[in-house]
Amino acid sequence: MAELIVALDVATADEALAVVTRLGVTVSFYKIGLELFSATGPDIVARVKAQGKRVFLDLKLHDIPRTVERAVISCGRLGVDLLTIHSSGGRAMIQAAHEAAATFGTAAPKVLAVTALTSLDQSDLTDLGIGRSMAAQVEALGTLALASGADGIVCSPQEVAAMRRRLGPRALLVTPGVRPAGADLGDQKRVATPGQAVRDGATHLVVGRPILAASDPCAAAAAIQAEISR
């Protein structure tokens with residue numbers, strides 16, 4: 001069954017830990033992204049892990065292979081469960097990330113390659129000088145990532161079904177841009193409901209604002225969990 005990951009898109013460690021405490025046993029998996037990690041440093045990973053939670057460290061590493069290799073080793077030492085790199089870093093960089101993660105053996109973090117940010121649409125690809133369609137771009141980068149050793153990819157819910165067919169049953173497909181019906185889209189452009197993302201083959205759904213901004217975050221998370229189960 002697919003898993004819910006709650007995005008700790010907050011500015012301080014106190015705010016993040018308050019979310020973890022409030023959601024309690026309802027949520028066991030949390031995403032720590034660039035905003036929170038930049039504000040608090042690696043200590044926030046240890047503090048969330050100390051609550052018995054799993055951590056998805058979403059820093060989208062993108063650099064020369066040697067630098068990414070060393071960064072993945074640093075992330076692995078923190079005990080994170082999932083981490084992200086950019087698939088556009090190329091084959092050698094992805095392979096370096098995979099090999100670095102593998103040094104942790106059974107405790108190795110799973111390496112996820114970001115294909116195209118969910119804030120982008122076709123016009124953004126044109127601005128970047130990319131002539132192929134969004135679907136073709138995601139397919140090309142996702143295929144490269146898995147062939148180079150990544151455990152899965154990050155893609156929008158709109159590409160999940162095609163990528164599940166392309167990458168097979170074992171690939172992790174992590175989808176941000178998940179919004180319950182009627183929710184504010186924020187800066188996301190390629191979205192779907194939790195149920196649709198799961199039906200299409202997503203293994204993990206990343207949800208932030210629809211839970212964090214809810215009047216009752218625990219109830220909002222439980223409702224998404226129930227939709228996933230259905």
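A single entry from V68, V25 fulfils the requirement of being surrounded by 19 or more Cβ atoms within 10 Å (Cβ to Cβ) and among the β-branched types (V, I, T): V68.
So how many residues does the range 191-208 have that are touching a strand residue (DSSP E or B) at 6+ places or on another chain (Cβ under 8 Å) and under 14 Å from L4 (Cα atoms)? Of the residues in that region, 12 qualify. Filtering E35, E3, E15, E69 for residues that are within 13 Å of the chain's Cα centre (by Cα) and not aliphatic (A, V, I, L, M) leaves a single hit, E3. If the condition is being over 23 Å from P210 (Cα atoms) and in contact with a Cys (Cβ under 8 Å, 6 or more places away or on another chain), then the range 143-180 contributes only M163. Screening S148 with (1) touching a residue at least 40 places away in the same chain (Cβ under 8 Å); (2) closer than 23 Å to K31 by Cβ; (3) out of contact with any Ser or Thr (no Cβ under 8 Å at 6 or more places or on another chain) gives one miss only, at (2). Tallying residues that are at pLDDT below 95 and in a loop (DSSP other than H, G, I, E, B) within the range 203-214 yields 3. Once the range 130-155 is narrowed to residues that are within 20 Å of L57 (Cα to Cα) and among the β-branched types (V, I, T), the residue that is surrounded by the fewest Cβ atoms within 10 Å (Cβ to Cβ) is I153.
Applying the set (1) in contact with a Ser or Thr (Cβ under 6 Å, 6 or more places away or on another chain); (2) of a type outside the set (A, V, I, L, M, F, W, C); (3) surrounded by fewer than 21 Cβ atoms within 10 Å (Cβ to Cβ) to D81 leaves exactly one unmet item: (1). For the range 111-129, residues that are touching a residue at least 12 places away in the same chain (Cβ under 8 Å) and either loosely packed, with under 13 Cβ neighbours inside 10 Å or over 20 Å from A101 (Cβ atoms) (or both) total 7. Looking only at the range 174-202, which residues are part of a loop (DSSP other than H, G, I, E, B), touching an Asp or Glu at 6+ places or on another chain (Cβ under 9 Å) and at pLDDT 70 or above? P176, T193, listed by residue number. For the range 113-124, residues that are in a helix (DSSP H, G or I) and either of a type in the set (S, T, Y) or closer than 16 Å to Q158 by Cα (or both) total 2. Scanning the range 215-230 for residues that are within 24 Å of G152 (Cβ to Cβ) and part of a helix (DSSP H, G or I) returns A221, I224, Q225, E227, I228, S229. From the list L167, L173, L83, the lone residue that is touching a helix residue (DSSP H, G or I) at 6+ places or on another chain (Cβ under 6 Å), more than 24 Å from Y30 (Cα to Cα) and free of Cβ contacts under 8 Å to residues at least 40 places away in the same chain is L167.
The values are calculated or read from the model by the stated rules, or taken from the named source; none is laboratory data. Source: prediction; values computed, not measured. Note that we place each Cβ from the backbone using ideal geometry, even for glycine, and neighbour counts take in every protein chain shown.
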